[in-house]
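Report on one structure; see the data block that follows.
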Amino acid sequence: MLSTTGPELRSLRMLFILILVLLFQLIDGKRDLISACTTCKQISENFNKGFDRTMKQNFGGGNTAWEERKLSKYETSEIRLMEIVEGLCESSSFECNRMVEEHEEHFETWWFKRKTKHPDLHKWFCIETIKVCCPKGTFGPDCNACVGGSERPCHGNGLCDGEGTRGGSGKCSCNHGYQGEFCLDCIDGYFNEIRNDTFSLCSECHSSCKTCTGATNQDCDECKEGWEEDDQEACVDVNECLKDPSPCKEDQYCLNKEGSYSCKACDTVCSGCTGVGPDKCQACASGYQDTEGTCTDIDECSQPEPPCTKENQECANTNGSYMCICSSGFEEHDDECVQTPQPEKAEESEASDSDLHREL
(Lines give C-alpha, C1' and ligand atoms only; values in the text may rest on other atoms or scores of the structure.)
Protein backbone atom coordinates (compact mmCIF):
# COMPACT_ATOMS: atom_id res chain seq x y z
CA MET A 1 0.00 0.00 0.00
CA LEU A 2 1.38 3.41 -1.02
CA SER A 3 1.64 6.14 1.61
CA THR A 4 2.44 9.84 1.38
CA THR A 5 5.09 11.21 3.72
CA GLY A 6 4.86 14.56 5.48
CA PRO A 7 7.14 16.49 3.05
CA GLU A 8 5.37 14.99 0.00
CA LEU A 9 1.98 15.93 1.41
CA ARG A 10 3.13 19.51 2.05
CA SER A 11 4.48 19.69 -1.53
CA LEU A 12 1.14 18.52 -2.92
CA ARG A 13 -0.68 21.12 -0.85
CA MET A 14 1.64 23.89 -2.03
CA LEU A 15 1.15 22.79 -5.65
CA PHE A 16 -2.63 22.81 -5.21
CA ILE A 17 -2.54 26.30 -3.65
CA LEU A 18 -0.28 27.55 -6.47
CA ILE A 19 -2.73 26.23 -9.09
CA LEU A 20 -5.63 27.98 -7.33
CA VAL A 21 -3.69 31.26 -7.13
CA LEU A 22 -2.84 31.10 -10.84
CA LEU A 23 -6.45 30.28 -11.69
CA PHE A 24 -7.76 33.25 -9.69
CA GLN A 25 -5.14 35.51 -11.24
CA LEU A 26 -6.23 34.38 -14.70
CA ILE A 27 -9.89 35.08 -13.90
CA ASP A 28 -9.03 38.47 -12.36
CA GLY A 29 -6.84 39.27 -15.36
CA LYS A 30 -9.68 38.63 -17.81
CA ARG A 31 -12.02 40.67 -15.62
CA ASP A 32 -9.50 43.55 -15.49
CA LEU A 33 -9.15 43.50 -19.29
CA ILE A 34 -12.92 43.77 -19.74
CA SER A 35 -13.11 46.47 -17.06
CA ALA A 36 -10.33 48.50 -18.72
CA CYS A 37 -12.23 48.52 -22.02
CA THR A 38 -15.47 49.54 -20.27
CA THR A 39 -13.62 52.43 -18.62
CA CYS A 40 -12.02 53.54 -21.88
CA LYS A 41 -15.34 53.39 -23.72
CA GLN A 42 -16.93 55.57 -21.02
CA ILE A 43 -14.06 58.06 -21.30
CA SER A 44 -14.58 58.27 -25.07
CA GLU A 45 -18.32 58.82 -24.65
CA ASN A 46 -17.72 61.53 -22.02
CA PHE A 47 -15.19 63.20 -24.31
CA ASN A 48 -17.80 63.36 -27.09
CA LYS A 49 -20.33 64.81 -24.63
CA GLY A 50 -17.78 67.41 -23.53
CA PHE A 51 -17.05 68.22 -27.16
CA ASP A 52 -20.75 68.86 -27.80
CA ARG A 53 -21.10 70.83 -24.57
CA THR A 54 -18.27 73.25 -25.49
CA MET A 55 -19.35 73.59 -29.12
CA LYS A 56 -20.68 77.14 -28.79
CA GLN A 57 -18.35 78.43 -26.07
CA ASN A 58 -15.44 80.84 -26.42
CA PHE A 59 -12.42 82.01 -24.43
CA GLY A 60 -14.64 83.98 -22.10
CA GLY A 61 -12.32 87.00 -22.13
CA GLY A 62 -13.03 90.60 -22.95
CA ASN A 63 -12.06 90.52 -26.63
CA THR A 64 -12.73 87.08 -28.08
CA ALA A 65 -12.29 88.17 -31.70
CA TRP A 66 -8.82 89.60 -30.94
CA GLU A 67 -7.81 86.46 -28.95
CA GLU A 68 -8.85 84.14 -31.77
CA ARG A 69 -7.09 86.32 -34.37
CA LYS A 70 -3.84 86.74 -32.44
CA LEU A 71 -3.71 83.42 -30.53
CA SER A 72 -5.87 80.59 -31.82
CA LYS A 73 -9.48 79.70 -32.27
CA TYR A 74 -11.24 78.41 -29.15
CA GLU A 75 -12.70 75.61 -31.27
CA THR A 76 -9.27 73.95 -31.63
CA SER A 77 -7.56 75.44 -28.58
CA GLU A 78 -5.79 73.69 -25.73
CA ILE A 79 -8.08 75.53 -23.31
CA ARG A 80 -11.11 73.79 -24.79
CA LEU A 81 -9.28 70.45 -24.66
CA MET A 82 -8.48 70.91 -20.96
CA GLU A 83 -12.09 71.84 -20.19
CA ILE A 84 -13.24 68.61 -21.86
CA VAL A 85 -10.57 66.44 -20.18
CA GLU A 86 -11.43 67.80 -16.74
CA GLY A 87 -14.97 66.47 -17.12
CA LEU A 88 -14.11 62.95 -18.28
CA CYS A 89 -14.28 61.19 -14.90
CA GLU A 90 -16.20 61.30 -11.66
CA SER A 91 -13.91 62.25 -8.78
CA SER A 92 -14.66 58.89 -7.09
CA SER A 93 -13.71 56.77 -10.13
CA PHE A 94 -10.10 55.73 -9.46
CA GLU A 95 -9.73 53.60 -12.60
CA CYS A 96 -11.06 56.33 -14.89
CA ASN A 97 -8.89 59.07 -13.42
CA ARG A 98 -5.79 56.84 -13.52
CA MET A 99 -6.36 56.01 -17.19
CA VAL A 100 -6.81 59.67 -18.12
CA GLU A 101 -3.70 60.69 -16.15
CA GLU A 102 -1.54 57.94 -17.69
CA HIS A 103 -2.58 58.74 -21.26
CA GLU A 104 -3.15 62.49 -21.16
CA GLU A 105 -0.52 63.05 -23.89
CA HIS A 106 -2.55 60.84 -26.25
CA PHE A 107 -5.54 63.16 -25.94
CA GLU A 108 -3.27 66.08 -26.88
CA THR A 109 -1.85 64.14 -29.85
CA TRP A 110 -5.31 63.22 -31.10
CA TRP A 111 -6.68 66.74 -30.52
CA PHE A 112 -3.93 68.57 -32.39
CA LYS A 113 -2.69 66.00 -34.94
CA ARG A 114 -5.06 63.03 -35.44
CA LYS A 115 -8.63 64.30 -34.97
CA THR A 116 -9.23 65.19 -38.61
CA LYS A 117 -7.92 61.90 -40.01
CA HIS A 118 -9.24 59.74 -37.15
CA PRO A 119 -12.52 61.31 -35.96
CA ASP A 120 -13.58 58.19 -33.99
CA LEU A 121 -11.82 58.73 -30.65
CA HIS A 122 -12.84 55.33 -29.25
CA LYS A 123 -11.37 53.50 -32.20
CA TRP A 124 -8.13 55.54 -32.29
CA PHE A 125 -7.57 55.73 -28.52
CA CYS A 126 -9.07 52.55 -27.01
CA ILE A 127 -8.55 50.08 -29.85
CA GLU A 128 -5.51 51.23 -31.85
CA THR A 129 -3.42 53.25 -29.38
CA ILE A 130 -3.64 51.94 -25.80
CA LYS A 131 -5.19 48.65 -27.03
CA VAL A 132 -7.63 47.88 -24.23
CA CYS A 133 -10.59 47.31 -26.58
CA CYS A 134 -11.27 45.39 -29.76
CA PRO A 135 -13.49 46.13 -32.74
CA LYS A 136 -17.08 44.96 -32.59
CA GLY A 137 -17.41 41.21 -33.15
CA THR A 138 -13.90 40.39 -31.88
CA PHE A 139 -12.35 39.61 -28.49
CA GLY A 140 -9.15 38.76 -26.65
CA PRO A 141 -5.54 39.98 -26.78
CA ASP A 142 -5.34 39.57 -30.58
CA CYS A 143 -8.92 40.67 -31.32
CA ASN A 144 -9.92 37.34 -32.81
CA ALA A 145 -13.34 36.95 -34.42
CA CYS A 146 -16.12 35.69 -32.19
CA VAL A 147 -17.78 32.34 -32.88
CA GLY A 148 -19.92 32.78 -35.98
CA GLY A 149 -17.73 35.58 -37.32
CA SER A 150 -17.27 39.23 -36.45
CA GLU A 151 -20.15 40.36 -38.67
CA ARG A 152 -22.74 38.24 -36.81
CA PRO A 153 -21.25 36.92 -33.56
CA CYS A 154 -22.94 33.71 -32.38
CA HIS A 155 -24.85 33.85 -35.68
CA GLY A 156 -26.97 36.66 -34.26
CA ASN A 157 -28.53 34.38 -31.63
CA GLY A 158 -26.37 35.11 -28.58
CA LEU A 159 -23.66 37.17 -26.93
CA CYS A 160 -19.94 36.63 -27.48
CA ASP A 161 -18.04 36.56 -24.18
CA GLY A 162 -15.64 39.53 -24.10
CA GLU A 163 -16.81 41.00 -27.42
CA GLY A 164 -15.19 44.37 -28.06
CA THR A 165 -12.61 43.89 -25.28
CA ARG A 166 -9.14 42.36 -24.89
CA GLY A 167 -10.58 39.80 -22.47
CA GLY A 168 -13.20 37.06 -22.52
CA SER A 169 -13.28 33.58 -23.99
CA GLY A 170 -15.23 34.30 -27.16
CA LYS A 171 -17.76 31.59 -26.26
CA CYS A 172 -21.42 32.18 -27.01
CA SER A 173 -24.10 32.75 -24.42
CA CYS A 174 -27.20 31.88 -26.45
CA ASN A 175 -30.45 33.82 -26.39
CA HIS A 176 -33.55 32.09 -25.04
CA GLY A 177 -34.73 29.42 -27.45
CA TYR A 178 -31.22 28.66 -28.77
CA GLN A 179 -28.43 26.35 -27.63
CA GLY A 180 -25.18 24.77 -28.77
CA GLU A 181 -21.66 26.10 -29.36
CA PHE A 182 -22.80 28.14 -32.36
CA CYS A 183 -26.34 29.02 -31.11
CA LEU A 184 -27.85 27.33 -34.16
CA ASP A 185 -29.75 24.56 -32.32
CA CYS A 186 -33.14 24.94 -30.64
CA ILE A 187 -33.94 24.04 -27.03
CA ASP A 188 -36.87 21.75 -26.13
CA GLY A 189 -40.13 23.53 -26.86
CA TYR A 190 -38.72 25.28 -29.95
CA PHE A 191 -38.19 24.16 -33.55
CA ASN A 192 -36.05 25.34 -36.45
CA GLU A 193 -38.28 27.38 -38.73
CA ILE A 194 -35.24 28.19 -40.90
CA ARG A 195 -31.83 26.53 -40.61
CA ASN A 196 -28.59 26.42 -42.60
CA ASP A 197 -24.88 26.49 -41.78
CA THR A 198 -24.86 30.20 -40.88
CA PHE A 199 -28.46 31.08 -39.95
CA SER A 200 -31.06 29.64 -37.60
CA LEU A 201 -34.51 30.86 -36.60
CA CYS A 202 -36.02 28.99 -33.64
CA SER A 203 -39.76 29.42 -33.05
CA GLU A 204 -41.83 28.23 -30.10
CA CYS A 205 -43.72 24.95 -30.34
CA HIS A 206 -47.44 24.65 -29.61
CA SER A 207 -48.09 24.76 -25.86
CA SER A 208 -48.92 21.02 -25.90
CA CYS A 209 -45.53 19.94 -27.32
CA LYS A 210 -42.39 19.02 -25.41
CA THR A 211 -40.51 18.73 -28.71
CA CYS A 212 -41.81 19.42 -32.19
CA THR A 213 -41.11 19.94 -35.86
CA GLY A 214 -43.69 22.68 -36.46
CA ALA A 215 -46.03 25.19 -34.88
CA THR A 216 -49.27 23.17 -34.43
CA ASN A 217 -50.31 20.50 -31.93
CA GLN A 218 -50.08 17.95 -34.78
CA ASP A 219 -46.35 18.68 -35.18
CA CYS A 220 -45.39 17.40 -31.73
CA ASP A 221 -42.71 14.72 -31.49
CA GLU A 222 -43.62 14.31 -27.82
CA CYS A 223 -46.51 15.67 -25.76
CA LYS A 224 -45.92 17.63 -22.57
CA GLU A 225 -47.12 16.25 -19.25
CA GLY A 226 -50.85 16.94 -18.96
CA TRP A 227 -51.38 16.35 -22.68
CA GLU A 228 -51.90 13.13 -24.64
CA GLU A 229 -51.99 12.04 -28.26
CA ASP A 230 -55.44 11.55 -29.83
CA ASP A 231 -56.51 9.44 -32.82
CA GLN A 232 -55.25 12.12 -35.23
CA GLU A 233 -51.81 12.03 -33.55
CA ALA A 234 -52.34 15.52 -32.16
CA CYS A 235 -51.55 16.45 -28.56
CA VAL A 236 -54.76 17.33 -26.69
CA ASP A 237 -55.42 18.34 -23.10
CA VAL A 238 -55.98 15.63 -20.48
CA ASN A 239 -59.06 16.48 -18.38
CA GLU A 240 -57.84 15.35 -14.97
CA CYS A 241 -61.18 16.36 -13.44
CA LEU A 242 -62.93 13.42 -15.16
CA LYS A 243 -60.79 10.88 -13.32
CA ASP A 244 -62.42 8.64 -10.72
CA PRO A 245 -61.69 9.22 -7.94
CA SER A 246 -61.28 12.98 -8.25
CA PRO A 247 -57.73 14.28 -7.76
CA CYS A 248 -59.09 16.85 -5.24
CA LYS A 249 -60.16 16.55 -1.60
CA GLU A 250 -63.79 16.07 -0.51
CA ASP A 251 -64.29 19.75 0.33
CA GLN A 252 -62.82 20.88 -3.03
CA TYR A 253 -63.90 20.88 -6.65
CA CYS A 254 -61.63 20.27 -9.64
CA LEU A 255 -61.01 22.99 -12.23
CA ASN A 256 -59.45 21.77 -15.48
CA LYS A 257 -56.80 23.88 -17.22
CA GLU A 258 -54.76 23.34 -20.37
CA GLY A 259 -52.13 20.79 -19.47
CA SER A 260 -53.06 20.79 -15.79
CA TYR A 261 -55.79 21.32 -13.20
CA SER A 262 -56.36 23.07 -9.87
CA CYS A 263 -58.40 22.32 -6.75
CA LYS A 264 -60.68 25.04 -5.37
CA ALA A 265 -62.46 25.13 -2.00
CA CYS A 266 -66.20 24.42 -2.01
CA ASP A 267 -68.65 26.98 -0.64
CA THR A 268 -69.01 26.68 3.15
CA VAL A 269 -72.69 25.68 2.71
CA CYS A 270 -71.65 22.55 0.78
CA SER A 271 -70.68 19.06 1.76
CA GLY A 272 -68.82 18.24 -1.47
CA CYS A 273 -69.40 20.16 -4.68
CA THR A 274 -68.95 20.21 -8.44
CA GLY A 275 -68.18 23.91 -8.80
CA VAL A 276 -68.25 27.35 -7.20
CA GLY A 277 -71.34 28.61 -5.34
CA PRO A 278 -74.16 27.26 -3.15
CA ASP A 279 -75.98 25.88 -6.21
CA LYS A 280 -73.14 23.47 -7.05
CA CYS A 281 -73.28 21.43 -3.84
CA GLN A 282 -73.41 17.64 -3.96
CA ALA A 283 -75.02 17.80 -0.51
CA CYS A 284 -75.71 20.57 1.98
CA ALA A 285 -73.53 21.03 5.04
CA SER A 286 -74.98 20.73 8.53
CA GLY A 287 -77.24 23.67 9.27
CA TYR A 288 -78.22 24.14 5.63
CA GLN A 289 -81.02 22.75 3.45
CA ASP A 290 -81.69 22.27 -0.26
CA THR A 291 -84.04 24.95 -1.53
CA GLU A 292 -84.78 24.46 -5.23
CA GLY A 293 -81.26 23.22 -5.93
CA THR A 294 -79.44 25.77 -3.76
CA CYS A 295 -78.21 25.20 -0.21
CA THR A 296 -79.68 27.83 2.12
CA ASP A 297 -79.47 28.43 5.84
CA ILE A 298 -81.89 26.63 8.16
CA ASP A 299 -83.55 29.06 10.59
CA GLU A 300 -83.49 26.87 13.68
CA CYS A 301 -85.23 29.61 15.65
CA SER A 302 -88.37 29.27 13.49
CA GLN A 303 -88.72 25.51 13.99
CA PRO A 304 -91.91 24.17 15.65
CA GLU A 305 -89.86 23.16 18.64
CA PRO A 306 -87.54 26.09 19.56
CA PRO A 307 -84.03 24.96 20.52
CA CYS A 308 -83.63 27.46 23.39
CA THR A 309 -85.82 26.27 26.26
CA LYS A 310 -84.40 27.83 29.42
CA GLU A 311 -86.30 30.56 31.22
CA ASN A 312 -85.70 34.15 29.99
CA GLN A 313 -83.75 32.82 26.96
CA GLU A 314 -84.13 33.72 23.27
CA CYS A 315 -82.92 32.11 20.02
CA ALA A 316 -80.65 34.03 17.59
CA ASN A 317 -80.17 32.51 14.16
CA THR A 318 -76.68 32.42 12.54
CA ASN A 319 -75.40 31.07 9.22
CA GLY A 320 -75.53 27.29 9.55
CA SER A 321 -76.34 27.37 13.26
CA TYR A 322 -77.98 29.35 16.07
CA MET A 323 -77.23 30.87 19.50
CA CYS A 324 -79.17 30.92 22.75
CA ILE A 325 -78.92 34.35 24.41
CA CYS A 326 -80.52 35.97 27.42
CA SER A 327 -83.53 38.17 26.83
CA SER A 328 -83.34 41.93 27.27
CA GLY A 329 -82.97 42.83 30.95
CA PHE A 330 -81.32 39.54 31.81
CA GLU A 331 -77.71 38.40 31.89
CA GLU A 332 -76.04 35.03 32.03
CA HIS A 333 -74.84 33.89 35.42
CA ASP A 334 -73.89 30.28 36.21
CA ASP A 335 -75.45 29.10 32.92
CA GLU A 336 -78.76 30.75 33.85
CA CYS A 337 -80.38 34.01 32.72
CA VAL A 338 -80.86 36.20 35.81
CA GLN A 339 -82.27 39.67 35.96
CA THR A 340 -79.79 42.46 35.49
CA PRO A 341 -79.50 44.55 38.72
CA GLN A 342 -81.07 48.01 38.46
CA PRO A 343 -78.73 50.98 39.15
CA GLU A 344 -81.05 52.45 41.85
CA LYS A 345 -81.34 49.18 43.70
CA ALA A 346 -77.62 48.69 43.50
CA GLU A 347 -77.04 52.16 45.07
CA GLU A 348 -79.58 51.42 47.87
CA SER A 349 -77.86 48.13 48.54
CA GLU A 350 -74.50 49.88 48.79
CA ALA A 351 -75.94 52.52 51.19
CA SER A 352 -77.44 49.82 53.42
CA ASP A 353 -74.14 48.05 53.56
CA SER A 354 -72.46 51.34 54.53
CA ASP A 355 -74.97 52.05 57.35
CA LEU A 356 -74.60 48.55 58.68
CA HIS A 357 -70.84 48.97 58.72
CA ARG A 358 -71.14 52.23 60.76
CA GLU A 359 -73.45 50.62 63.30
CA LEU A 360 -70.97 47.85 63.80
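Within region 210-246, the set of residues being among the hydrophobic types (A, V, I, L, M, F, W, C) and touching a Gly at 6+ places or on another chain (Cβ under 7 Å) comprises TRP227, VAL238. Comparison of GLU102, GLU163 shows that the only residue that is in contact with a Ser or Thr (Cβ under 8 Å, 6 or more places away or on another chain) and either small (Gly, Ala, Ser) or more than 16 Å from GLU45 (Cα to Cα) (or both) is GLU163. Taken together, the criteria place ILE84 among residues that are in contact with a Ser or Thr (Cβ under 8 Å, 6 or more places away or on another chain), outside any loop (DSSP other than H, G, I, E, B) and in the same structural domain as GLU45 (by TED's automatic domain parsing). Restricting attention to region 69-101 and to residues that are modelled with pLDDT under 90 and basic (Lys, Arg), the residue that is surrounded by the most Cβ atoms within 10 Å (Cβ to Cβ) turns out to be LYS73. Residues of region 245-299 that are within 44 Å of the chain's Cα centre (by Cα) and closer than 23 Å to CYS315 by Cα: THR268, VAL269, ALA285.
Using the structure shown, decide if LEU201 is part of a strand (DSSP E or B) and in contact with a helix residue (DSSP H, G or I) (Cβ under 9 Å, 6 or more places away or on another chain). Against the criterion (part of a strand (DSSP E or B) and in contact with a helix residue (DSSP H, G or I) (Cβ under 9 Å, 6 or more places away or on another chain)), LEU201 does not qualify. Looking across region 250-290, the residues that are closer than 24 Å to TRP227 by Cβ and of a type in the set (Lys, Arg) come down to LYS257, LYS264. Touching a Leu at 6+ places or on another chain (Cβ under 8 Å) and either in a loop (DSSP other than H, G, I, E, B) or touching a residue at least 12 places away in the same chain (Cβ under 8 Å) (or both), is that true of TYR261? Yes: the conditions hold for TYR261. Condition first: more than 29 Å from the chain's Cα centre (by Cα) and surrounded by 19 or more Cβ atoms within 10 Å (Cβ to Cβ). Can you find one or more residues in region 148-163 that meet it? Yes, the conditions are met somewhere in region 148-163. The numbered conditions (1) among the polar types (S, T, N, Q); (2) assigned to a loop (DSSP other than H, G, I, E, B); (3) loosely packed, with under 15 Cβ neighbours inside 10 Å are all true for THR296 except (2). The residue that is farthest from GLY226 (Cα to Cα), counting only those in region 236-249 that are among the charged types (D, E, K, R) and surrounded by 13 or more Cβ atoms within 10 Å (Cβ to Cβ), is GLU240. The C-beta contact set for region 36-48 (first residue closer than 12 Å to CYS89 by Cβ, second residue of a type in the set (D, E, K, R), distance under 8 angstrom, 6+ apart or interchain) comprises THR39/GLU95. The single residue among LEU33, LEU20, LEU26, LEU15 that is more than 25 Å from SER169 (Cβ to Cβ), aliphatic (A, V, I, L, M) and either at pLDDT 95 or above or assigned to a helix (DSSP H, G or I) (or both) turns out to be LEU15. If the condition is being free of Cβ contacts under 8 Å to residues at least 12 places away in the same chain and within 34 Å of the chain's Cα centre (by Cα), then region 217-244 contributes only GLU228.
How many of the residues making up region 209-234 are crowded, with 17+ Cβ neighbours inside 10 Å and of a type in the set (Lys, Arg)? Of the residues in region 209-234, 1 are crowded, with 17+ Cβ neighbours inside 10 Å and of a type in the set (Lys, Arg).
The values are calculated or read from the model by the stated rules, or taken from the named source; none is laboratory data. Not measured: the values here are computed from a predicted model. Using ideal geometry, Cβ is built from the backbone for each residue, glycine included, and neighbour counts are taken over all protein chains shown.
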